[in-house]
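Data block below; observations after.
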Amino acid sequence: MYIKLKTPSPLLHKVVAASCCGRLFLSRERETSQSSSLLFSEYSQLCYACTVVAGKHVGTGWIQEKLTQITFPDIDGDVDIFIGRVHYTLSGVTIQKCDLPEPVVEFVQDIGLKTSITGLSLALTGDWRTHFGLIHDGGSFNMAIFNTDVTSVVHLGSDAEGHLSVTSISCDASVRDVDIQFSGGASWIFQPFVKYFKGHVIGIIQNTICPEVEDAIVELDHHLQAMNVSFGVNEVLTLEVPLTGLPVVDASNLKLGLKGEFYSIKTHKEPPFVAQQFTLPEQAGYMVSMGMSEFTLNSASFGYFSAGELQALINDSMMPPHCPFHLNTSSMGMFIPQ
C-alpha cells in the first residue's frame, strides 16, 4: 500500500469537513513494490480541513479539557515597591479556557511535519501570596496570556513492527503579553506593580509550554505503537498493513508504504507469488485515492484456499438425475489412469 500526501493550500482554511471525499481504484501500473497504494492528491487540503477546520470545532473542547489538566509550576520572585521588596508566589496556575486558532501544517524535507500555531490566547486562574517583612497576604488572580506562538517539528519514522512513530525534533514558544488581575487581600496595593514582574511570569510560562508539547508527542507515539497493524477480517482471514519502510518526506509530499496482505488465520502461509512493483498516479480533483495491486486481492484468494474454504467434495449422489454423465467409472473411466 502506498500513501502520498501533498502540501495543503490556503483552501484548507475555507472548506468544511463535509467536503471530504475519496476514490478507490485498482492499478496495474508498476513502479513501487507495495501491494496496494493510497495517494492523497493536490486536493488533500480538504483532508487537512477535516482535521483542522472540523477539528477546530469538534476538537477544541477536547484540547481545552486537556489544557485544564496542565498545572504550571509555582511562579515566585521579588518586586520593588519603593519602600522595600515584596516576595510573591503565584500557585495553582491552571488553564480555564483557550482561544485556539487554526494551526498551519507543513512538510519538512527528510524529517517530518512542522506545526505552527500563531495567536493562541489563554485564560488562567490561580492563587497569590505575598510576604513583606512580617506582613503576609493572599488571594486569587485571573491571568490572560495574549498572542502565544508555538512551533513544533516532529520526525516521522517507523519501528521494527511497522508502526508509524513520531519524535519531537524541536519546539519553540513565545508569549507576547500577559495581563494579571489580583483580587482579595490588599491586592489594590500589589496590582500597580504587575508591570515590573510580568516579564518574569512570561518567561516561566514560555519555559513550561514546550515540555508539555513534547510530553503530548511522546503520549501520541505510545498510542501509535499500541495500534494494531493486523486486523481480523472474518473468521478466516486477517489483513496485515504494517509500514514497509520509513516515511519519505520532501517539501511537498509525504509518502507511506503499507504491506496490505491477507493471510489465513489457520495457516498464515505466504502465497506462492510476490507483489509486483506498481505506481499510483495522482488523480486530479480527488483528495484521497487508493490504489491496490492484484497481489492484495490474490492474497485474499490464497488465504481462503489455504484455509480449505475453496475446496468442495462432490460425489455422484449430488449429480442431477437427468445429467448425461455421472461421477462413476462408466462416465469418467477414460480420465482415470490405468
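The values are calculated or read from the model by the stated rules, or taken from the named source; none is laboratory data. Since we're looking at a predicted model, the values are computed, not measured. All Cβ positions, even for glycine, are placed from backbone atoms using ideal geometry, and neighbour counts span all protein chains on display. These accessible areas exclude ligands, DNA and RNA; they are computed on the full protein's heavy atoms, side chains included. Shrake-Rupley method; radii C 1.70, N 1.55, O 1.52, S 1.80 Å.
Name every residue in the stretch 108-145 that is in a loop (DSSP other than H, G, I, E, B) and without any contact (Cβ under 8 Å) to a residue 60 or more places away in the chain, in order of residue number.
Keep residues of the stretch 108-145 that are in a loop (DSSP other than H, G, I, E, B), which gives 109-111, 133-134.
Answer for the stretch 108-145, where residues must be in a loop (DSSP other than H, G, I, E, B) and without any contact (Cβ under 8 Å) to a residue 60 or more places away in the chain: Gly133, Leu134.
If we keep just the residues of the stretch 221-242 that are under 15 Å from the mean Cα position of the chain (by Cα) and open to solvent by less than 90 Å² (accessible area, probe 1.4 Å), which is farthest from Gly303 (Cα to Cα)?
For the stretch 221-242, the residue satisfying everything is Asp221.
Where in the stretch 216-300 are there strands (runs of 3 or more DSSP E), lying wholly inside it, with at least 1 residues that are free of Cβ contacts under 8 Å to residues at least 12 places away in the same chain?
On the way: elements: 230-232, 237-240, 253-257, 261-264, 288-292.
Correct list: 230-232.
Each row is one residue, and each column tells you yes or no for (1) touching a Lys or Arg at 6+ places or on another chain (Cβ under 8 Å); (2) of a type outside the set (Ser, Thr, Tyr); (3) closer than 30 Å to Glu106 by Cβ.
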| residue | (1), (2), (3) |
| --- | --- |
| Ser230 | no, no, no |
| Val233 | no, yes, no |
| Thr238 | no, no, no |
| Val248 | yes, yes, yes |
| Gly260 | no, yes, yes |
| Ser264 | no, no, no |
| Thr267 | no, no, no |
| Pro271 | no, yes, no |
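Does Gly162 satisfy the condition of being in contact with a Lys or Arg (Cβ under 9 Å, 6 or more places away or on another chain) and farther than 30 Å from Gly257 by Cβ?
Working: in contact with a Lys or Arg (Cβ under 9 Å, 6 or more places away or on another chain): yes; farther than 30 Å from Gly257 by Cβ: no.
Criteria not met by Gly162.
Scan the stretch 291-309 residue by residue and report those that are more than 19 Å from Gly232 (Cα to Cα) and surrounded by fewer than 21 Cβ atoms within 10 Å (Cβ to Cβ).
Correct list: Glu294 only.
Please work out which one of (1) at pLDDT 90 or above; (2) touching a Phe, Trp or Tyr at 6+ places or on another chain (Cβ under 7 Å) is the condition Val79 fails and give its number.
(1)
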